[in-house]
1. Out of R85, R98, R22, R78, report the one residue that is farther than 19 Å from S140 by Cα and either touching a strand residue (DSSP E or B) at 6+ places or on another chain (Cβ under 7 Å) or assigned to a helix (DSSP H, G or I) (or both).
2. Can you tell which of I136, I160, I117, I181 is more than 27 Å from D40 (Cβ to Cβ) and of a type in the set (A, V, I, L, M, F, W, C)?
3. Which residue pairs have Cβ atoms closer than 8 Å, lie 6 or more positions apart in sequence or on different chains, and pair a first residue in the range 134-149 that is over 20 Å from F193 (Cα atoms) with a second residue that is hydroxyl-bearing (S, T, Y) and open to solvent by less than 60 Å² (accessible area, probe 1.4 Å)?
4. So which of F121, F90, F165 ends up being farther than 25 Å from L9 by Cα and surrounded by 14 or more Cβ atoms within 10 Å (Cβ to Cβ)?
5. Spot the failing condition for C63; the list is (1) open to solvent by 10 Å² or more (accessible area, probe 1.4 Å); (2) in contact (Cβ under 8 Å) with a residue 12 or more places away in the chain, and only one is missed.
6. Just name the residue that is nearest to V128 (Cα to Cα) out of those in the range 175-190 that are open to solvent by 60 Å² or more (accessible area, probe 1.4 Å) and either over 25 Å from the mean Cα position of the chain (by Cα) or modelled with pLDDT under 95 (or both).
7. Tell me, please, whether a residue that is touching an Asp or Glu at 6+ places or on another chain (Cβ under 8 Å), touching a residue at least 60 places away in the same chain (Cβ under 8 Å), of a type outside the set (A, V, I, L, M, F, W, C) and open to solvent by less than 30 Å² (accessible area, probe 1.4 Å) can be found in the range 72-83.
8. Could you grab the pairs with beta carbons closer than 6 Å, sequence gap of 6+ or different chains, first residue in the range 28-47 and closer than 14 Å to G94 by Cα, second one of a type in the set (S, T, N, Q) and open to solvent by less than 60 Å² (accessible area, probe 1.4 Å)?
Amino acid sequence: MRVIFNEELNQVADDLDHMAHRVHTAIEGAGQALLHQDIDAAQQVIDGDLEIDALETSIINQCVQLLAKQGPVATDLRVVVSTLRLASTFERMGDLARHVAEIARRTYPQPALPAEITNIFVRMQAFVSNVSEQLITMLSSKDEALIERIITGDDQLDDIHRQIFTIINSDAWTGSKQQTIDTVLLGRFYERFGDHAVSAARRVGYIVSGFDPTKEPQNMHSAHEDTVLG
């Protein structure tokens, strides 16, 4: 039974890894569509979201089967429950990439962003592309130092996000009402990419150590409960 359980768990891990790769590809494509008015890239992201959704469904079904048939305990239970949460997190990241691509497709052939804000989104795109690649590495390596870097690095994305509102509220802002709305929405989508990356890192940290790495060591017991229930 243990051999069967390990084989099934490895299959789930492979599917989660594939899902993380698909999310990274979607984020890269969404940035290409947004920053370069690439209608083909936009459509590929939109169409590709169906595969990400299907992977989430498959992973959830496999995890439910593992819980029902194998009754895992201790570390194995942490892995299965956290994998369920990770699949949902990656699915939301795929949805965000689709939302970015949909805005790029709607405004094509015109850019969705006014020129004065584009550089901000170039920086945000570079950040989320990098962190989505780090998530792939994190899944396989379970590197605690990398987990910590993903969690603490999100402050940089938050700082960039705040600059959007400074520019929008300045006298130099020339965007139309629709561009203002799209800029705010896009900024929120990118900021949420970072939040979901942090959530994924916390989940993997929980698999490794059994507690939430964002909490103080003395609160390890309460952090364990928060993570299981949250």
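1. Every option except R98 fails the conditions.
2. I160
3. Within 8 Å, the pairs are E144/S209.
4. Among F121, F90, F165, only F121 is farther than 25 Å from L9 by Cα and surrounded by 14 or more Cβ atoms within 10 Å (Cβ to Cβ).
5. Status for C63: all satisfied but (1).
6. Q178
7. No; the residues of the range 72-83 include none that is touching an Asp or Glu at 6+ places or on another chain (Cβ under 8 Å), touching a residue at least 60 places away in the same chain (Cβ under 8 Å), of a type outside the set (A, V, I, L, M, F, W, C) and open to solvent by less than 30 Å² (accessible area, probe 1.4 Å).
8. Listed pairs, sorted by first residue: E28/S129; G31/Q125.
The values are calculated or read from the model by the stated rules, or taken from the named source; none is laboratory data. Bear in mind that the values here come from a model prediction, so they are computed numbers and not experimental data. Ideal geometry is used to build each Cβ from the backbone, glycine not excepted, and the neighbour counts take in all protein chains shown. What goes into the accessible areas is simple: the full protein's heavy atoms, side chains included, and nothing from ligands, DNA or RNA. Shrake-Rupley method; radii C 1.70, N 1.55, O 1.52, S 1.80 Å.
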